[in-house]
Structures are given as structure tokens and as C-alpha cells.
Amino acid sequence: YRGTAQNIKGRKLGEQKLRERELILKKAQEVAHIGSFYRNPKTGQTRWSDQLFRNYGLKPSDQSPRFSETVKFLHPEDQETIRIANENLTEEGQELHHQYRVVWPDGQERVLYANIIVEKDVEGEIRHLGTVQDVTDRLAVESALRNNQALLTSIQENLPAALSIKDEDGKFTYVNKNLRTRHDLPESGMIGKTIFDL
């Protein structure tokens, strides 16, 4: 009998570190609702991360859908625009950033934001690499903030009292309609000035 023995402790440690990094990346994608993918536009071969499946309202699977199959998940009003934009990604170095809606199997509508770059793989084949983030909740919060800001501005503007906001140097950064009327000045004639300037 003849044999060889080799110390593979270093390789095992390297494999363990790689698995830990993959787990961290997977968890980070979950927390941020960012999925990732790559696809070969020539062959149609695609690979989705688990989070990308979830962003489309699907269960993670080993079988990633081709781009032509994902179009059916898009909101009908966005399908043609997204299809054309992705088909036009042909040259290395191109980038695509777009926001679109998807309709989950349960009928829920979500908003996704995609960043896609085009590069060549080790064999010289063009491939698309991308991230897709679910921004539905963020957009809802931003919309609520805008509505609240508009309501607050409306209240401030229509107060029966003079209202102003000043910076630490005593210069006006905001003056409401009542105060502008008292001084008979437009907003531009008051912002950035002190009461002594007026």
C-alpha cells in the first residue's frame, strides 16, 4: 500500500471564512431588501439571490427565471419600458438604473429599484450584473413626510400670528405670510437678513 497525507487545515479555514462571508452577505441583503443577479443575455442563463426571489414575492429556488419569464411579474404599465431598456444593454461598461413596479402572486404591488452594469466574464462573454432593492416602504415614508411637510407649511403660512425661524446669527431662514405682510416685503427681501436689516 502506498499513500500520501496532506495538511488541509489552511484550506478548511479558508472554506469556513468563505462560508461566513457568504452568510454575512446573505443576511445583509435580507436586512436591506437588496437582491442580486447575473445573467448572460446571449444564452439567457440567469442566477438570482434568495433575496431577489423575495423581492418578487416568490420563494427562493435553485431555478432562477430567465428575463423573458420575469416580465410577467412586472406591472403591465412598466413591462414594455423595462423589456426594451434591458434588451438595449449590449456594450461593456453600460449602466442602467430604473424604478419599476412588480405585482406579487398575492396581488400586492411593490416598487423595485434596479442598478445593472454590463461587463465581460473571464471567457469574454457579455453579462449583466445587478442589484434590485425593494423601495416600497421607503417611498411610502417619503410620501408621508412630504404630505406632513406640506400640511405644516400650510398651517405656518395661514397662522394669524407672525412666525419666523432664524439661524444662530439671527438671520431669517423662514418667514410666514403674516410677517411678510407686516413688513410689506416678499420672502426674498427677508430671508438671510436680520430684524435690524429690516
With every protein chain in place, the accessible area of Y113 for a 1.4 Å probe, in Å² rounded to the nearest 10, comes to 80 Å²
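For the chain, what number results from the quotient of the Cα radius of gyration and 2.2 N^0.38 Å?
Computed over Cα atoms of the chain, the ratio equals 1.67.
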Inter-part gap, Cα centre of region 102-130 to Cα centre of region 131-194, in whole angstrom, is 39 Å
Cα convex hull volume per residue for region 4-117, in Å³, equals 156 Å³
By the mean-Cβ-within-10 Å protection proxy, highest first, 72-82, 144-154, 181-191, 3-13 rank as 72-82, 181-191, 144-154, 3-13
Per the rule of 0.36 nm per residue minus the C-alpha distance, extending S68 to L18 adds in nm 14.7 nm
Note: probe point = Cα of N40 + 7 Å toward Cβ; backbone nitrogen < 19 Å; residues of region 82-120 passing the test are 87, 89-93, 117-120
At R0 = 35 Å the Cβ-Cβ FRET efficiency linking T81 and Q6, nearest 0.05, sits at 0.05
For the chain, longest principal axis from Cα atoms; helix 9-32 axis from its Cα atoms; angle between them, nearest 10 degrees, is 40 degrees
Here the equivalent ellipsoid of region 67-174, derived from its Cα gyration tensor, has semi-axes (largest first, whole Å) of 44, 21, 10
Mean shadow area (nm²) of the C-alpha convex hull around region 154-198 is 3.0 nm²
Cross-link reach from K27 to lysines, straight Cα distance under 18 Å and at least 8 residues apart if same chain, gives K17, K59
For K166, counting only aspartates and glutamates whose alpha-carbon sits under 18 Å away and dropping same-chain residues fewer than eight positions off, the answer is E157, E187, D197
Relative contact order in percent for the chain (Cα pairs under 8 Å, 6+ apart) equals 14 percent
With x for Gly and Pro, the residue-by-residue ³J(HN,Hα) of region 131-136, computed from phi through the Karplus equation 6.51 cos²θ - 1.76 cosθ + 1.60 at θ = phi - 60° and given in whole Hz, is 10, 9, 10, 7, 10, 4
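The values are calculated or read from the model by the stated rules, or taken from the named source; none is laboratory data. Everything numeric here is computed off the predicted structure, so don't read it as measured data. Every residue, glycine among them, receives a Cβ derived from its backbone with ideal geometry; neighbour counts consider all protein chains shown. Just the protein is used for accessible areas: all its heavy atoms, side chains included, with ligands, DNA and RNA removed. Shrake-Rupley method; radii C 1.70, N 1.55, O 1.52, S 1.80 Å.
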